[in-house]
């Protein structure tokens, strides 16, 4: 079990007024020395890397390395830096863009956004809260049903996807799905009880995105989407109709969100 986790910032952009910010996107050979050679040039010229990503297929010949760099105070033009990088035999292509919005640089070089090879989008937790709050204002308690059914469908689809993609079933597939929730920023779920004979389970989630916007502000549990999601996952993976209930919720002052499934 992981004892400590660290924040991860997806490369979207950086706001630093007064700095010379550039974004680079390199196509390089999928070899250990490729990044080292480029990094050597950047270090020699005093370029500070602020954010980035590296993506390579283990069996592929090429990789993509994108990063935002700070050239403030350096006696070098970006064109000269590009020339030095392109002279490396392990680099086949370089693109760059400069900050356009008074110290704000936004990643416009890389699209679409994918997670584990799947097309994805990013939403702020606050945006989710606004969307869910709008549903409750418009539909009252009916919003619970809408969010729940959305979650059920999403959970069923995810379960089918994981079984097909990785060739796993049951508890192992469930563990993969919950691990992905951590990587995708949903929260930190943990299976604290799983009894396959009696078919009951308990899942806790730290910092569940769905409930964070309402933390300590409500008297009732606030997870309807994730409750539906976990229901859909269990329905599909174990071929049973289950009921999931949120018995603890950070929205009503509990330390974690806790779900019982049976």
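Derivation of every value follows stated rules applied to the coordinates shown; laboratory data play no part. Just so we're clear, the structure is a prediction, and the values are computed from it rather than from any experiment. Note that each Cβ is placed from the backbone with ideal geometry, even for glycine, and that neighbours are counted across all protein chains shown.
In whole Å and largest first, what semi-axes does the C-alpha gyration tensor of the stretch 61-130 yield when each eigenvalue is scaled by 5 and square-rooted?
30, 20, 8
What FRET efficiency, computed as 1/(1 + (r/R0)^6) with R0 = 25 Å and r the Cβ-Cβ distance, is obtained for residue 15 and residue 165, rounded to the nearest 0.05?
Efficiency computed from Cβ-Cβ geometry: 0.10.
To the nearest 10 degrees, how steeply does helix 170-183 sit against the main Cα axis of the chain, on a 0 to 90 scale?
That helix lies at roughly 50 degrees to the long axis.
Quick check: residue separation of residue 243 and residue 217 times 0.36 nm, minus the Cα distance between them. What number comes out in nm?
Difference between extended and current length: 6.8 nm.
Pairs of alpha-carbon atoms within less than 8 angstrom and 6+ residues apart define the contacts here; what relative contact order does the stretch 13-111 have, in percent? Provide the component values of the computation, followed by the final result.
Numbers: 166 pairs, mean separation 45.6, N = 99.
It comes to 46 percent, rounded to a whole number.
Using a ≥ b ≥ c from the Cα gyration tensor of the stretch 125-261 (square roots of the eigenvalues), is it rounded, prolate or oblate, where a/c under 1.5 gives rounded and otherwise the larger of a/b and b/c decides, a/b for prolate?
Prolate is the answer for the stretch 125-261, as a/c is 1.5 or above and a/b outweighs b/c.
Explain nothing, just the number: relative contact order of the chain, from Cα pairs under 8 Å at least 6 residues apart, as a whole percent.
Reported relative contact order: 16 percent.
Find the all-direction average of the projected area of the Cα convex hull for the stretch 91-182, expressing the result in square nanometres with one decimal place.
10.3
Determine the calculated [θ] at 222 nm for the chain from helices alone, applying -39500 (n - 2.57) to every DSSP H run no shorter than 4 residues and normalising by the residue count; nearest 500 deg cm²/dmol.
-11000 deg cm²/dmol
Please compute the modelled spin-label separation between residue 197 and residue 262, points set 7 Å along Cα→Cβ, answer in nm with one decimal.
1.7
Based on alpha-carbon centroids, what's the gap between the stretch 32-62 and the stretch 100-167 in Å, whole number please?
Centre-to-centre distance over Cα atoms comes out at 31 Å.
Compute the relative contact order of the stretch 125-261 as a whole-number percentage, counting only Cα pairs closer than 8 Å that sit 6 or more residues apart in sequence. Show your work: numbers first, answer last.
On the way: 244 pairs, mean separation 38.9, N = 137.
The normalised contact order for the stretch 125-261 reaches 28 percent.
Measure off 7 Å from each Cα along the Cα-to-Cβ vector at residue 182 and residue 53, then give the distance between these two points in nanometres to one decimal.
A separation of 2.0 nm, rounded to one decimal place.
So what is the diffusion coefficient of the stretch 13-111 in µm² per second by Stokes-Einstein at 20 °C and 1.002 mPa s, using a Kirkwood Rh over Cα pairs?
155
Using only the alpha-carbon atoms, how far is helix 225-238 inclined from the longest principal axis of the chain? Give it as 0 to 90 degrees, nearest 10.
80
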